[in-house]
1. Expressed as a whole percent, how much of the Cα-Cα distance distribution for chain B exceeds 21 Å?
2. Among the chymotrypsin sites (Phe, Trp or Tyr not before Pro) within segment A:87-131, which fall in a DSSP loop and have no more than 16 other Cβ atoms within 10 Å of their own Cβ?
3. In this model, which of B:Lys60/B:Lys83; A:Lys73/B:Lys65; B:Lys47/B:Lys120; A:Lys73/B:Lys86; A:Lys109/B:Lys86 are farther than 19 Å apart at the alpha-carbon?
4. With all distinct Cα pairs included, what does the Kirkwood hydrodynamic radius of segment A:30-131 come out to in Å, to one decimal, could you say?
5. Would you list the membrane-span-like helices of chain B, meaning whole DSSP H runs whose alpha-carbon atoms span at least 15 Å along their axis and whose mean Kyte-Doolittle value is at least -0.5?
6. Loop only per DSSP, at most 15 neighbouring Cβ atoms within 10 Å: give me the chymotrypsin sites (Phe, Trp or Tyr not before Pro) in segment A:13-49, ordered by residue number.
7. Based on alpha-carbon centroids, what's the gap between segment A:57-112 and segment B:64-102 in Å, whole number please?
8. I'd like the projected area of segment A:84-127, averaged over all directions, using the convex hull of its alpha carbons. Report it in nm² with one decimal.
Amino acid sequence: MASLLEDLVQYIITAGLATQSGQDIWYDFDPDEPAAVVVLNEYDSRLSSSTGNDAGVRYVQITARNLQPTQAKNKAWLLYRLFLRPEDNITTLPNGRWCVMSPRQMPIKIRVDEKKRIVYGFNVAITTNFD
Amino acid sequence: MRKDSITIQMDKASVNLVIKNMNSVRSGVVLGGLAGVDAIADRVYDKAGNTCPTSSGTLKSTLYKESEVSGDVISVNIGHGGKYDKVNPATGESADSYAVEVHESFKISPENRAKGATWKWLEKAFNSELTTAEKELANSIRAALGG
């Protein structure tokens, strides 16, 4: 099984919100170029009390960077809608991994980087299997 | 009285006693809930303070915890800035203006990492309590009700 972040990258590409991993979408790494990128980071996890021993809640930050503030914001919102699923609704990712996705807030402006590029993002709690 | 009916008579004083007891249960649940929530929030606050990255120390110094009970709703807010905001003497910026950026950016300096600081220190401190919070709250309410 691929890692959760690899599976989520494929989920985003399949939805048409990015084209290729390592080009306009990355995980665990924030590339200096290109300016317009989507970046995923897994930053925390906890065991789930309700789904058995081989599953847990994993927390992922999803950001969209762009030189144009409106494009960064719009991309973050499109990603947010992709991850916004009815509560307790199981989503199956392209490679077959099951998960329950719950965004923790709507997209917010996170920072302006040293090259004046705008970063919007949000966090999502994902109940799923271990890798 | 009809043969196939049952008449239940309730003594008004007894009904009033039941209502009085139920009200004391309600206040006990709120008090026990508040004690439980406060204990959990104290640990979140301490963990967040211990893992907040520091440079000048301004952001860390604006960390706050506020509890509130409104009717049956207990809430605790833990965060930075707001009415506790301060200006960073090194940069002239208010903590409010950069708190989100620091919290949500994973580029933590090696010095801070060595001290145990982390990005998303508030969220991680909160997440670390979630698995046991429900049981702890139940125990606190049970204790307040004399169970």
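1. Roughly 59 percent, once rounded to a whole number.
2. Numbers: sites: A:Trp98, A:Tyr120, A:Phe122, A:Phe130; in loops: A:Phe130.
Here the sparse-neighbourhood loop sites are A:Phe130.
3. Working: B:Lys60/B:Lys83 14 Å; A:Lys73/B:Lys65 31 Å; B:Lys47/B:Lys120 12 Å; A:Lys73/B:Lys86 29 Å; A:Lys109/B:Lys86 21 Å.
The answer is A:Lys73/B:Lys65; A:Lys73/B:Lys86; A:Lys109/B:Lys86.
4. Details: mean 1/r = 0.0691 Å⁻¹.
Averaging 1/r across every pair of different Cα atoms and inverting gives 14.5 Å.
5. Values: long enough: B:12-51 (58 Å, 0.23); B:121-144 (32 Å, -0.40).
Those that clear 15 Å and a mean of -0.5 are B:12-51, B:121-144.
6. Numbers: sites: A:Trp26, A:Tyr27, A:Phe29, A:Tyr43; in loops: A:Phe29.
Hits after loop and neighbour filter: A:Phe29.
7. Here the two parts' Cα centres lie 25 Å apart.
8. On the way: hull surface 16.6 nm².
Convex hull of Cα atoms, orientation-averaged projection: 4.1 nm².
Just so you know, all these numbers are worked out from the coordinates, no wet-lab data involved. Given the structure is predicted, the values throughout are model-derived calculations rather than measurements. Every residue, glycine among them, receives a Cβ derived from its backbone with ideal geometry; neighbour counts consider all protein chains shown.
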